There are 2 protein chains.
Amino acid sequence: MNFPSTLVEEAVNELSGLPGIGKKTALRLVLHLLKQDMPHVEKFGNAFIRLRKNIIYCKECHNLSDREVCDICLSDKRDPGIICVVEDVRDVMAIENTGQFHGKYHVLGGIISPMNGIGPSDLQIESLVHKVLSGRVTEVIMALSTTIEGDTTVFYVYKKLSKLIEGHLKYTVIARGVAIGDELEYADEVTLGRSILNRVPFSKS
Amino acid sequence: MNFPSTLVEEAVNELSGLPGIGKKTALRLVLHLLKQDMPHVEKFGNAFIRLRKNIIYCKECHNLSDREVCDICLSDKRDPGIICVVEDVRDVMAIENTGQFHGKYHVLGGIISPMNGIGPSDLQIESLVHKVLSGRVTEVIMALSTTIEGDTTVFYVYKKLSKLIEGHLKYTVIARGVAIGDELEYADEVTLGRSILNRVPFSKS
């Protein structure tokens, strides 16, 4: 691309460095920004700098937070005995949107992926084990994706907690099955097979 | 969306304010930025602020520029007698990429679009007319899109320059036709019809 100005080129390069944004899209966005007034663009640019400067990870659940301990961890309406283990903050937001979970979270910050050089020590697994070992936890729900990496992580945590799991601790994974509203004939075999294996008693409610 | 922090929410809102970027994409990009180190994010945010603060429009052709007059307008290798009129900077970049044009440009900054409240006075039409009237220009090439708005703009400029066009000035539009590499049977009727009307003598080169 022949940029008319290095300033434009730099801005385009910064935006196209984001995942999924190409040079042409970046240029379109930069030209859009150029049409905004100065305070608007300053607010835009500073939002990311302020975020990066001030964001904290909750020291209990490692979710993003404004404060040392996040709202969910502080809440006394949530059961501290049930911990839902997720990969990142987007999963917390997705589960919170359902309104179906009233325990607390633990954000791993990723999943074990040797291909990408991510090992257990890069994740918040030790702190999860420590939290569970220190008592009061009755159930750990693993809500990770069903990829090889996700399954590996579920198994790794299982091994770490196996002594407790033989005792009182429940170790569960979220249900996999045919999505509500989906046609059976279009469900993939693995999902359909799993939904039959893991069938549940009919409930009228 | 239940954001874990207002800082995250603000950054997501800023990004999703850009055209074509939704909340989910914005969140994915913000989480990507959070994984970068502080200098990287500062460079990211400041690139837009610096661009908006320092960018100038070339006083000759109204293209984006670092300086008062852009490189193309300053160049003595380009024919000042031929002016290619385009909508915005992206069109200049696209034509420059072809390497086929050796005249100068005039960036209108948009096209006449009553639906969007853009009239001739919002565009750099007066300065184009003034440039052409002040002599030396032998040809004006209109390289606008073939929409109603583009055609309206071509006609408006034609009316403004009609006296000169009756004299020595050539007033042309870029060729429309079947794209190189395209199959005839898939070309739309209007384009195919135009390509027959505007046929050119065969050339062996």
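The values are calculated or read from the model by the stated rules, or taken from the named source; none is laboratory data. Please read these numbers as outputs of a predicted model, since none were measured by experiment. Please note: Cβ atoms are built from the backbone with ideal geometry, for glycine as well, and neighbour counts cover all protein chains shown. Surface areas here come from the heavy atoms of the whole protein model, side chains and all, with no ligands, DNA or RNA. Shrake-Rupley method; radii C 1.70, N 1.55, O 1.52, S 1.80 Å.
Across the copies of the chain, residue A:198 has label points (7 Å from Cα along Cα→Cβ) spaced 6.0 nm apart, shortest distance listed first.
When residue B:162 is represented by a point 7 angstrom out along its Cα-to-C-beta vector, the spacings to that point in the other copies are 9.0 nm, nearest first.
Taking the Cα centre as origin and putting +1 on Lys and Arg beta-carbons and -1 on Asp and Glu beta-carbons, what dipole magnitude results for the protein assembly as shown, to the nearest 20 debye?
Working: 48 positive and 52 negative charges, 111 e Å.
Value, rounded to 20: 540 debye.
Distant-in-sequence amide contacts of residue B:56, defined by a placed amide H-H separation under 5 Å and a gap of 5 or more residues or a different chain, comprise B:65. Between segment B:4-74 and segment A:140-186, the C-alpha centres lie 40 angstrom from each other. Taking 21 Å as the straight-line reach from the Cα of residue B:53, the lysines in range (excluding those fewer than 8 positions away in the same chain) are A:35, A:43, B:43. Ignoring ligands, DNA and RNA, please state the percent of accessible area on segment A:1-142 from carbon and sulfur, probe 1.4 Å. Carbon and sulfur atoms account for 51 percent of the accessible area of segment A:1-142. Using a 1.4 Å probe over protein heavy atoms, the accessible area lost on pairing B with A, summed over both chains, comes to approximately 5200 Å².
Given a 1.4 Å probe and the protein chains as shown, residue B:1 ends up with an accessible area of around 100 Å².
Taking every alpha-carbon pair in segment B:140-205 and binning the separations at 10 Å intervals from zero gives 18, 39, 32, 12, 0 percent. Between B:145, B:168, B:156, the Cα set farthest toward the positive side of the dipole of segment B:129-182 (charges on each charged residue's Cβ, about the Cα centre) is that of B:168. Sparsely packed loop sites in segment B:169-205 (the GluC sites (Glu not before Pro) outside DSSP H, G, I, E and B with at most 16 other Cβ atoms within 10 Å) comprise B:183. Solvent exposure of segment A:1-146 amounts to 49 Å² per residue of accessible area, where only protein heavy atoms count and the probe is 1.4 Å. If you wrap segment B:38-181 in the convex hull of its Cα atoms and look at it from every side, the mean projected area works out to 11.7 nm². Under the combined filter of DSSP loop state and at most 10 neighbouring Cβ atoms within 10 Å, segment A:24-98 retains these trypsin sites (Lys or Arg not before Pro): A:77.
Here the calculated FRET efficiency for residue A:35 and residue B:102, from their Cβ-Cβ distance with R0 = 41 Å, stands at 0.85, rounded to the nearest 0.05. Under a 5 Å amide H cut-off, with hydrogens placed 1.01 Å from N, residue A:84 pairs with A:104, A:105, A:106, A:141 among residues at least 5 apart or on other chains. Residue of chain A with the Cβ closest to the rotation axis carrying A onto B, and that distance rounded to whole Å: A:45, 2.
Label-point distances for residue A:180 to the equivalent site in the other copies, using a point 7 angstrom along Cα→C-beta, read 5.7 nm when ranked shortest first. With the charge dipole of chain A set up from +1 on Lys and Arg Cβ and -1 on Asp and Glu Cβ about the Cα centre, the Cα lying farthest toward the positive end among the listed residues A:69, A:34, A:125 is that of A:69.
Near the amide H of residue B:173, under 5 Å away, which other amide H atoms are found, from residues 5 or more places off or on another chain, if H is placed in the peptide plane? Amide H neighbours of residue B:173: B:142. Which whole-number percent gives the relative contact order of chain B, counting Cα pairs below 8 Å spaced six or more residues apart? Relative contact order here is 12 percent.
Span-like helix check, chain A: qualifying full DSSP H segments, with Cα axial length of 20 Å or more and mean Kyte-Doolittle of 0.0 or more, are A:148-166.
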